[in-house]
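Inspection log for the structure reproduced underneath, given as structure tokens.
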Amino acid sequence: MWRGPRAIDLGIYACHTCALAVRSRGGENEHCPRCGSHLSFRKPNSLMRSWALLLTAALLYLPANLLPVMRTTYFGGESTDTIMSGVIFFIREGDYLLAAVIFIASVLVPLIKIIALGFLLLSVHTEYRLRRIERIRLYQATEFIGRWSMVDIFVVGLLTALVQMGNLFTIEPGPGATAFALVVIFTILAAMSFDPRIIWDQQWIPTQERAHARDE
């Protein structure tokens, strides 16, 4: 495997805000000449922030799937629906494609993203040395698919805006919708906080220097 010099070895920053490559002047508090952001070779406290956001998302995942995401009032009666009850309803109605889309986007994708980010974080802590390219690709896929998990919230928001007929028929978002939206937001923020360059640092940096490099 190629082991040439890295940007950090050449004293070159990559601005975390505008991605401008900036050569270090040797100071301790340098800023990007284009956007003025503080420069650091790695995202500050990357692992700590990613863990905090990911654990928060994992804790919210259960109420997001157990609590009702939609409350329907019709002719004085009321019914509530969770994500899975909606999937089961569409299966019974024969709308298998729609059921599959909701199940994959609202149940599987957030769970897979939480597991994938947890694996990436653990792989850094345990100095897992194999298959760095696969781990980078896993991170890229995780960051890409996470934004498509809001289809269920989009449907609830659309119905809430369109179906308001006084006491005859109304649709309102339930507490599960709030929890689910927070799960998606926190997983997106966790992926953004994680610095994938740390995976490659394990190849070059001696063991005693890795802890400092992670939070630099």
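When you work out D = kT/(6 pi eta Rh) for the stretch 93-133 at 25 °C and 0.890 mPa s, using the Kirkwood radius from C-alpha pairs as Rh and the Stokes-Einstein form, the result is 199 µm²/s.
Each pair of Cα atoms in the stretch 1-41 enters the Kirkwood radius, and Stokes-Einstein at 4 °C and 1.567 mPa s then converts it into a translational diffusion coefficient of 121 µm²/s. Using a Förster radius of 25 Å, what is the FRET efficiency between LEU122 and LEU66 based on their Cβ-Cβ separation? Nearest 0.05, please. E between LEU122 and LEU66, to the nearest 0.05, is 0.40.
Under a 5 Å amide H cut-off, with hydrogens placed 1.01 Å from N, HIS16 pairs with SER40 among residues at least 5 apart or on other chains.
Readers should treat all values here as calculations from the given coordinates under stated rules, not as data from a laboratory. Not measured: the values here are computed from a predicted model. Glycine also receives a Cβ, built like all others from the backbone with ideal geometry; neighbour counts cover every protein chain displayed.
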